[in-house]
Structure formats: C-alpha cells, structure tokens
Amino acid sequence: MDCIFCKIIKGEIPSEKVYESENVIAFKDINPMAPVHILIIPKTHIEGANALDKDNVAVVSEIMLAARQIAESFNLENGWRIVTNVGEDGGQTVKHLHFHLLGGKKLSIELA
Ligand code: AMP
Ligand code: ZN
C-alpha cells in the first residue's frame, strides 16, 4: 500500500522518532507549525478518524497517553494542543490516522 506513514513505520522513509510503543509511534512533523510539532500515529493503517470503530478505537487511548508522555518529555507544562484533521474539509492530506501534538508557544485559537 502506498502510504507514507506506513513507510515511516517500516523504516522505509526516515523520520525523527520521539516515541515508540507496541501499537503507536510518534515523530517530528517535517513542516512544523509550532516549536514542538509531533505526529502520533497507530502502527496499523487506519485511514482517519472516520474509519474508527469499536474494534480499532482502543489505540486512540494509547495515543492520548503517548501524547501526555511526549508533552512531558518536551517540557510543555505550560500547555499544548492535540488535533486530528478529517477528510477534505478538515484538511487531512495523509490518509493514515494521525494526531498533531503542538506546543512550545502560545498557540492561536483560530479554528476556521
Ligand atoms: P494533515 O494535513 O493533517 O494530513 O497532516 C499531515 C502532516 O504530515 C503534515 O503536517 C505534514 O507536514 C506531515 N508530513 C508529511 N510527510 C511527512 C514526513 N515524511 N515526515 C514527517 N511529517 C510529514
Ligand atoms: Zn498507512
């Protein structure tokens, strides 16, 4: 399957990994929108939040706990944000579920 994030998981494309567990990996976004911009993804290919169901949603809990841990390791005690874009209107460009962890500055609250 031609999925850039699956290739990152397999090590076929390099990434700056910051976290890895059995089911989740996280790496630096190649085009950071904030001083800290990490992508957290499940190791299984899930197309996006629209493709979550009761059989695969448990990994989202693991991703949230990973986010907490990563935020702590980047000293984001002042706050941070986690975002997932869904589909065309949501601005999703990579069709593998991913959560953006953003921080390191006072983030804008602009949402649309
Ligand atoms: P989205 O627009 O929500 O689908 O986010 C996709 C994100 O993936 C963007 O922020 C890109 O900068 C990021 N991205 C794309 N290719 C890579 C890559 N090879 N390594 C790290 N981040 C990437
Ligand atoms: Zn994938």
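The values are calculated or read from the model by the stated rules, or taken from the named source; none is laboratory data. Since the structure is predicted, the reported quantities are computational estimates derived from the model, not experimental observations. As a convention, Cβ positions derive from the backbone with ideal geometry for all residues, glycine included, and neighbour counts pool all protein chains shown.
Some points to look at:
- Breaking point among (1) modelled with pLDDT under 95; (2) within 15 Å of the chain's Cα centre (by Cα); (3) hydrophobic (A, V, I, L, M, F, W, C), for residue 1: (2)
- Taken as a whole, the structure leaves residue 85 outside the set of residues that are touching a helix residue (DSSP H, G or I) at 6+ places or on another chain (Cβ under 9 Å), part of a helix (DSSP H, G or I) and either more than 13 Å from ligand 2 (Cβ to nearest atom) or modelled with pLDDT of 95 or more (or both).
- Scanning segment 24-48 for residues that are under 16 Å from residue 68 (Cα atoms) and either part of a loop (DSSP other than H, G, I, E, B) or more than 11 Å from ligand 1 (Cβ to nearest atom) (or both) yields a total of 5.
- Any hit, segment 54-62, residues being more than 26 Å from residue 112 (Cα to Cα) and of a type in the set (Gly, Ala, Ser): yes
- The listed residue being within 16 Å of ligand 2 (Cβ to nearest atom), of a type outside the set (A, V, I, L, M) and free of Cβ contacts under 8 Å to residues at least 24 places away in the same chain, out of 91, 11: 11
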